[in-house]
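Asker: Here it is, the structure in full.
The values are calculated or read from the model by the stated rules, or taken from the named source; none is laboratory data. Predicted model, so just to flag it, every value in this text is computed and none were measured. With ideal geometry, Cβ positions are generated from the backbone for all residues, glycine too; neighbour counts draw on all protein chains shown. For accessibility, only protein heavy atoms count, side chains too; no ligands or nucleic acids. Shrake-Rupley method; radii C 1.70, N 1.55, O 1.52, S 1.80 Å.
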Amino acid sequence: MKSASLERSRTMSKVLTYAALILGTVIMIFPFVWMILTSLKSVPESMKIPPTIFPAELIVSNFSDAVASLPFGHLYLNTALMVFFRVVCAIAFSSMAGYAFAKLQFRGKGLLFGIVLVQMSLPSQIFIIPQYQMVAKMGMANTVFALVFPGIVSAFGVFFLRQTYLGIPTEIGEAAYLDGCNQWQTFYKVMFPLTGTSVAALTIFTAVFAYGDLMWPLVVNSDLQMMTLSSGLATLRGQFSTNFPVLMAGSLLAMLPMVILYLIFQRQFIEGIASTGGK
Amino acid sequence: MASITFKHVEKTYPGNVTVVPDLNLEIKDKEFVILVGPSGCGKSTTLRMIAGLEDITSGELYIGDRVVNDVAPKDRNIAMVFQNYALYPHMTVYKNIAFGLMQAKVPKDEIDRRVHEAAKALDLEHLLNRKPKALSGGQRQRVALGRAMVRNPAVFLLDEPLSNLDAKLRTAMRAEISRLHKRLQTTFVYVTHDQTEAMTMGDRIVVMKNGIIQQNDTPQTLYDRPCNLFVAGFIGSPQMNFMDAVIAKKGDAYTAQVCGNTIPLAPSMDKKALAAYVGKTVVLGIRPEDVEAVGSGERHDLEAKIEIAELMGAEINLHLDCQGNKLVVRAPSTYAGREGDVGALRLKTEKIHLFDKETEVAIAH
């Protein structure tokens, strides 16, 4: 008798769990499905109220219109270069700074790390104007360098990798020192290779953030040829009217490389995000 | 020639925390010296100063006849084994062992020869391609030893290398390290808080407390003639029993009044030293194996209530209460007394140690 009721309550809790998860999945996936469906509708149908779910007629030309209205080749290239250099810089500089904050003793360490924490806690928007002035003064606006500039140093990366280095036993560094390594060799031959999982996570975070970054590329590069996918797509929005099917078709095209990368590196992506919870 | 000499060495950390106030110690070439003491006694700091991992605040440290205060660790001709092994997790066993030689730019075939030689000696040959995480604790410890061995150091420094191993493996590794010392014929400095390791492995034991050397002697002398209460209590397991006693003199012989009983002191004790303590309270120390649990009908010195009887297999450790004094006695497993009984105890008077109650320094053995 008891076991039957226990069984029933277990099944009930399972059903409720699945129902909640399915609901969550639907909510998460709905904008994406809506984007695909809208990209295949005509303009009037896309603005119809009440909206139709499935397109009455499949308008595939929205994709060719999107390709015709934006220099996708340039946008892909600019985005790829920006993501690549931001990732490389974040890994290189955050690793070095993180190692120094975690393992080296130097005067002003606490103060400097406090500044890093302050930078991390401030909204990035407040840095846009001074950063723009710096880029403009260097005469580097409308270049790939301008796109990369705010990502050269990552306060989050420094903090994140510092925590990783703190978790590596000091004795490993001391063993390397006894084995004849200087501080730099200890860092790159022994300590840095031990941070693989965290570096992978930082790579993913930096890449995803850079890929989706809209505000900075829009501010710093006004030349369409030098824009990124996100800022380029933003130009498809008109002041008075927007061709939503073309915008959605363009957004789908812009998403493609990230989706492909995600499918390839799905395991690392999930591990990377999971690892941040454990640290 | 790899003797080590500390001359008035002081180590003070920022914030004016002095860990080692004034260390004077000489470790001879090829000697196996154990630094032992409780946590925070400065033994690891002392070892790390030899390694060059800690700066010396003042004084001089010699390795051989060279002052090494400002010499980089790699140029000191030392190798160190850490408590947590400190192997490089991303390298194979081979690379872990070879890394120091690669850094020193030793020719490749020479590295290969030395790595295989060390691996063979430590039975690691079949594990050379594995990474540390695929090894057991004992295997990791052997890799750490191999990494130290290949460099042919003049001094081996070992910082509590067995504390992370289980009891059985620890016993096996103790013997292995002793064999290694005999084979390599180099100076070994070994830090531990485990007095069993200290007693079984070292040629000489240096007992430290608060950065000060309490006694520096052979294991047997340390055991038989501890210089103060701290050393007497630290060396030996179960530890020495201590009871308050009043010294009395009857004719030419001296006695100790303990728990209302008169115990004659051995004639071999230093009478001159005892004379100064007549009528005074001192601390009487006696090791558990030097107290016999006898039948109540036999001649005995003390009676005490058995609180706990721990059967160890070959023997029983009796925890007793003698008028508030807690005692431990090692009795044969055939001993009939059990918890709650009153046990009769006979002391081996020639094994009694007396200590000054104030200064805690040994009076006579």
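Asker: May I ask for the distance between the Cα centers of region A:1-76 and region A:194-210, given as a whole number of Å?
Answerer: 28 Å
Asker: Would you mind checking which residues have amide H under 5 Å from B:Phe32's amide H? H placed 1.01 Å from N; only 5 or more apart, or other chain.
Answerer: Here B:Phe188, B:Asp203, B:Arg204 satisfy the definition.
Asker: Check each residue of region B:73-99 and keep those whose accessible area, probe 1.4 Å, is at least 20 Å² smaller with all protein chains in place than in the chain alone; give them in order of residue number.
Answerer: B:Pro73, B:Lys74, B:Phe82, B:Asn84, B:Ala86, B:Tyr88, B:Pro89, B:His90, B:Phe99
Asker: At 1.4 Å probe size, with every protein chain present, just tell me what the per residue accessible area of chain A comes to in Å².
Answerer: Accessible area per residue, chain A: 58 Å².
Asker: Rounded to whole Å and sorted largest first, list the principal axis extents of the Cα atoms in region B:16-100.
Answerer: Principal extents (Cα only, largest first): 42, 31, 28 Å.
Asker: Just tell me which lysines come within less than 25 Å, Cα to Cα, of A:Lys109; anything on the same chain fewer than 8 places away is out.
Answerer: Answer for A:Lys109, where 25 Å is the Cα cut-off: A:Lys189, A:Lys279, B:Lys11, listed by chain and number.
Asker: Give me Rg/Rg_expected for region B:100-202, where Rg uses Cα atoms only and Rg_expected = 2.2 N^0.38 Å with N residues.
Answerer: 1.10
Asker: Counting only helical runs of four or more DSSP H residues, what would the 222 nm mean residue ellipticity of chain B come to if each run contributes -39,500 (n - 2.57) and the total is spread over all its residues?
Answerer: Per the formula, -7000 deg cm²/dmol.
Asker: Can you work out the accessible area per residue across chain B, with the rest of the protein chains kept in place, probe 1.4 Å, in square angstrom?
Answerer: The answer is 45 Å² per residue.
Asker: Right, something else. Please report, largest first and rounded to whole Å, the three semi-axes of the ellipsoid equivalent to region A:1-159, where each semi-axis is the square root of five times an eigenvalue of the C-alpha gyration tensor.
Answerer: 44, 35, 13
Asker: I'd like the residues of region B:50-69 whose 1.4 Å-probe accessible area shrinks by no less than 40 Å² going from the isolated chain to the full set of protein chains.
Answerer: B:Leu53
Asker: Place a label point 7 angstrom from the Cα of B:Ala266 along the Cα-to-Cβ direction, then list the residues of region B:202-234 whose backbone nitrogen is under 20 Å away.
Answerer: Within reach of a label on B:Ala266, which here means backbone N under 20 Å from a point 7 Å along Cα→Cβ, region B:202-234 contributes B:217-234.
Asker: Indicate the residues belonging to region A:148-186 that lose 30 Å² or more of solvent-accessible heavy-atom surface (probe 1.4 Å) upon moving from the chain alone to the assembly of all protein chains, ignoring ligands and nucleic acids.
Answerer: A:Glu171, A:Ile172, A:Glu174, A:Ala175, A:Tyr177, A:Leu178, A:Asp179, A:Gly180
Asker: Can you tell me the 0 to 90 degree angle between the C-alpha axis of helix A:155-166 and the longest principal axis of chain A, rounded to 10?
Answerer: Approximately 50 degrees, to the nearest 10.
Asker: Tell me, what ³J(HN,Hα) does each residue in region B:12-23 have, in order and in whole Hz, if you take phi through Karplus 6.51 cos²θ - 1.76 cosθ + 1.60 with θ = phi - 60° and put x for Gly and Pro?
Answerer: 10, 8, x, x, 6, 9, 8, 9, 10, x, 7, 9
Asker: What chymotrypsin sites (Phe, Trp or Tyr not before Pro) does region A:148-256 have in DSSP loop regions with at most 11 other beta carbons within 10 Å?
Answerer: Answer by residue number: A:Phe240.
Asker: A further question follows. Largest first and to the nearest Å, give the Cα extent of chain B along each principal axis.
Answerer: Principal axes ranked by extent give 77, 46, 37 Å for the Cα atoms.
Asker: Additional query: So what is Rg over Rh here for region A:2-61, counting just Cα atoms and using Kirkwood for Rh?
Answerer: Answer for region A:2-61: 1.36.
Asker: Another question, if that's okay. Calculate, for A:Met12 and A:Ala56, the FRET efficiency according to 1/(1 + (r/R0)^6) with r their C-beta to C-beta distance and R0 51 Å; round to the nearest 0.05.
Answerer: For A:Met12 and A:Ala56, the calculated efficiency is 0.75.
Asker: If you don't mind, another one. In straight Cα distance, which lysines are under 19 Å from B:Lys250, not counting same-chain residues fewer than 8 positions off?
Answerer: Output for B:Lys250: B:Lys271, B:Lys272, B:Lys280.
Asker: Which one of A:Phe93, A:Phe85, A:Phe30 has the biggest mean-square fluctuation once chain A is modelled by GNM with Cα springs under 10 Å?
Answerer: Among A:Phe93, A:Phe85, A:Phe30, the largest GNM mean-square fluctuation belongs to A:Phe30.
Asker: Can you give the angle from 0 to 90° between the axis of helix A:2-39 and the longest principal axis of chain A, with both taken from C-alpha atoms, to the nearest 10?
Answerer: It works out to around 70 degrees.
Asker: So, with a 1.4 angstrom probe, what is the percent of accessible area on the protein assembly as shown that is carbon and sulfur?
Answerer: 60 percent
Asker: Between B:Arg299 and B:Thr200, how high is the FRET efficiency from 1/(1 + (r/R0)^6) when r is the Cβ-Cβ distance and R₀ = 35 Å? Nearest 0.05.
Answerer: Between B:Arg299 and B:Thr200 the formula returns 0.50.
Asker: Estimate the FRET efficiency between A:Val259 and B:Glu117 by the formula 1/(1 + (r/R0)^6), using the beta-carbon distance for r and 56 Å for R0, to the nearest 0.05.
Answerer: Efficiency computed from Cβ-Cβ geometry: 0.55.
Asker: Within region B:82-187, report the trypsin sites (Lys or Arg not before Pro) that DSSP leaves as loop and that have at most 10 other Cβ atoms within 10 Å.
Answerer: Of the trypsin sites (Lys or Arg not before Pro), the ones in loops of region B:82-187 whose Cβ has at most 10 other Cβ atoms within 10 Å are B:Lys105.
Asker: What whole number of Å gives the distance from the Cα centroid of region B:274-314 to the Cα centroid of region B:164-231?
Answerer: Going from one Cα centre to the other spans 28 Å.
Asker: Just flag the trypsin sites (Lys or Arg not before Pro) in region A:73-172 sitting in loop per DSSP whose Cβ has no more than 12 other Cβ atoms within 10 Å.
Answerer: A:Arg107
Asker: Turning to a different aspect of this structure: Among all the aspartates and glutamates, which ones have a C-alpha under 15 Å from B:Lys182's C-alpha, if same-chain residues fewer than 8 places away are not counted?
Answerer: Result set, ordered by chain and number: B:Asp29, B:Glu31, B:Asp203.
Asker: Please name which of B:Ala293, B:Leu47, B:Leu311 has its Cα lying farthest along the dipole of chain B towards the positive end, using unit charges on Cβ (Lys, Arg +1; Asp, Glu -1) and the Cα centre as origin.
Answerer: In chain B, that residue is B:Leu47.
Asker: Let me ask another. So how strong a dipole does the protein assembly as shown carry about its Cα centre when Lys and Arg Cβ are +1 and Asp and Glu Cβ are -1, to the nearest 20 debye?
Answerer: With only Lys, Arg, Asp and Glu charged at Cβ, the dipole is about 1140 debye.
Asker: Any idea what the alpha-carbon Rg over 2.2 N^0.38 Å comes to for region A:70-235?
Answerer: Compactness ratio reported: 1.18.
Asker: Moving on to the next point. Rounded to the nearest 100 Å², what is the sum over both chains of accessible area buried where B meets A, with a probe of 1.4 Å?
Answerer: In total, this chain pair buries about 1600 Å².
Asker: How are the alpha carbon pair distances in region B:75-121 distributed across 10 Å bins from zero to the largest one, expressed in percent?
Answerer: 24, 54, 22, 0
Asker: Let me ask something else. Take the eigenvalues of the Cα gyration tensor for region B:241-364, scale each by 5, and report the square roots as semi-axes in whole Å, largest first.
Answerer: Gyration-tensor ellipsoid for region B:241-364: 27, 14, 13 Å.
Asker: Counting Lys and Arg as +1 and Asp and Glu as -1, each charge on the Cβ, what is the dipole of chain B about the Cα centre in debye, to the nearest 20?
Answerer: I would put it at about 1140 debye.
Asker: Residue by residue through region B:36-45, what is 3J(HN,Hα) from phi via Karplus (6.51 cos²θ - 1.76 cosθ + 1.60, θ = phi - 60°)? Round to whole Hz and write x for glycine and proline.
Answerer: For region B:36-45, the Karplus-derived couplings read 10, x, x, 4, x, 8, x, 5, 5, 4 Hz, x marking Gly and Pro.
Asker: I'd like to know which of A:Pro50, A:Ile27, A:Ser9 lies farthest towards the positive end of the charge dipole of region A:2-61, counting +1 on Cβ of Lys and Arg and -1 on Cβ of Asp and Glu.
Answerer: A:Ser9
Asker: What does the convex hull of the Cα atoms come to per residue for the protein assembly as shown, in Å³?
Answerer: 280 Å³
Asker: Ignoring everything except DSSP H segments at least 4 long, calculate the 222 nm mean residue ellipticity for chain A; use -39,500 (n - 2.57) per segment, divide by total residues, nearest 500.
Answerer: After summing the helix terms and dividing by residue count, I get -22500 deg cm²/dmol.
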